[in-house]
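Reading through the structure tokens given below for one structure.
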Amino acid sequence: MSDKPMLRALRREPLDHPPVWLMRQAGRYLPEYREVRAAAGGFLEMCHDPALAAEVTLQPIRRFGMDAAILFSDILLPLASMGMDLVFEEGRGPIFPNPLRGAGDIDALRAIDPASDLGFVGAAIERVKAELPDHVTMLGFCGAPYTLACYALEGGNPKEQRTVRTLMHREPEVFERLMGKLADAVAAHLEYQVASGAEAVVLFDTWAGDLNRADYERFAAPFSRRALESTVGKAPRIAFVRAGMHLLDSVAALGTEGMALDWRVDLDDAFNRFGDRLALQGNLDPTVLLGRPEDVKRRTQDVLAAAAGRPGHILALGHGVLKWTQPEAVAAFVEAAREPVPSRS
Ligand code: 1CP
């Protein structure tokens, strides 16, 4: 069994210090990332080139020494493999110019074969693994079916979810057909990433927090569970639902080894409720990193005090690093994880 700190934390073994990593730790807040991106010409070009994807995955590890490297890629790429046009517009983010409209489009989505459709992902994982320091864990990831359905139906940022909710409430059987196809694609892609060398995987459900508990249980959770089946016993899994405070019992019941918490969740309370069953990741508010390094340290110590050294804590932000973040703030966050854990006051 591996003694990498991140994997030990996912097994809830006691550690002197929690492992630490950040969502979106590779990205535009790093000057070396912006340089590679400018030379590559665009975001998708970086994702499709295993050498570039590996390089930007490793950049934050070299600079800050986190305990996990998350593959540089995007949750939306499997939708492109299923047949959807995906473009990244400068300043606007990812767009599907032809979002799904009705049962015909849904039935036309292809099943994916990750080794051929997403071979650049496996190749990038292999390259990162070859250069990764011994203590660093390689993370793969996918979007959860509900979040993927949001982008596929809305075509862009799904803040309003009008099309998603219309389909869900008017034609639930068609919505569930879409969710089933997405679950199978995610299952295949997670399994492929593990086969390629990912040592743990994260399932990101960025938008499911907008559902109430009953709708999450009916329309989202069964498909996340199906998506996670292919990796049972192969690699530890971490489930994340942004703004999912009201869904924690349901997320904990997905059967993953870890649960990532956003900053609105009381970490002490979450440890009392779930700490005997799950590793818990989180949960500093990413906007704290817009502050001064000494304040980042202090606020990180508050998070560590809430976890109080209990086994299974993975120090992380409650969501991704913001692009306006100074690298010094990320350094302060990572350093705080290595200092003595403050006791709960
Ligand atoms: O340079 C750029 O302009 C690209 C910005 C960017 C980056 C750095 C995008 C576009 N994706 C990524 C990488 C990415 N995305 C990773 C890599 C690993 C890491 O964390 O460092 C991961 C895990 C993701 C996951 C992702 N993409 C999620 C789920 C997690 C979350 O943040 O909630 C979501 C919802 C996306 C969609 C996406 N891709 C990119 C953007 C700007 C967005 C959000 C679009 C929107 O809804 O407005």
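Every residue in the range 156-191 that is surrounded by 19 or more Cβ atoms within 10 Å (Cβ to Cβ) and within 16 Å of the ligand (Cβ to nearest atom), please.
Pro158, Val164, Leu182, Ala185, Val186, His189, Leu190
Of all the helices (runs of 4 or more DSSP H) wholly in the range 24-118, which have at least 3 residues that are not aliphatic (A, V, I, L, M)? Lay out the reasoning, then the answer.
On the way: elements: 31-40, 43-48, 50-64, 77-81, 103-108, 114-117.
The qualifying helices (runs of 4 or more DSSP H) are 31-40, 43-48, 50-64, 103-108, 114-117.
For the range 236-262, name all the residues that are surrounded by fewer than 16 Cβ atoms within 10 Å (Cβ to Cβ) and part of a helix (DSSP H, G or I).
Within the range 236-262, the subset surrounded by fewer than 16 Cβ atoms within 10 Å (Cβ to Cβ) is 245-246, 249, 253, 255.
The answer is Met245, His246, Asp249.
Quick one: how many residues across the range 4-30 are more than 13 Å from the ligand (Cβ to nearest atom) and within 20 Å of Val334 (Cα to Cα)? Explain how you work it out, then say what you get.
Restricting attention to the range 4-30, the residues satisfying the condition of being more than 13 Å from the ligand (Cβ to nearest atom) are 4-20.
After this cut, where a residue has to be within 20 Å of Val334 (Cα to Cα) as well, the list is 4-10, 14-20.
Final tally of qualifying residues: 14.
No lab work stands behind these numbers, since they all come straight from the coordinates. No experiment lies behind these values; they were computed from the predicted model shown. Note that we place each Cβ from the backbone using ideal geometry, even for glycine, and neighbour counts take in every protein chain shown.
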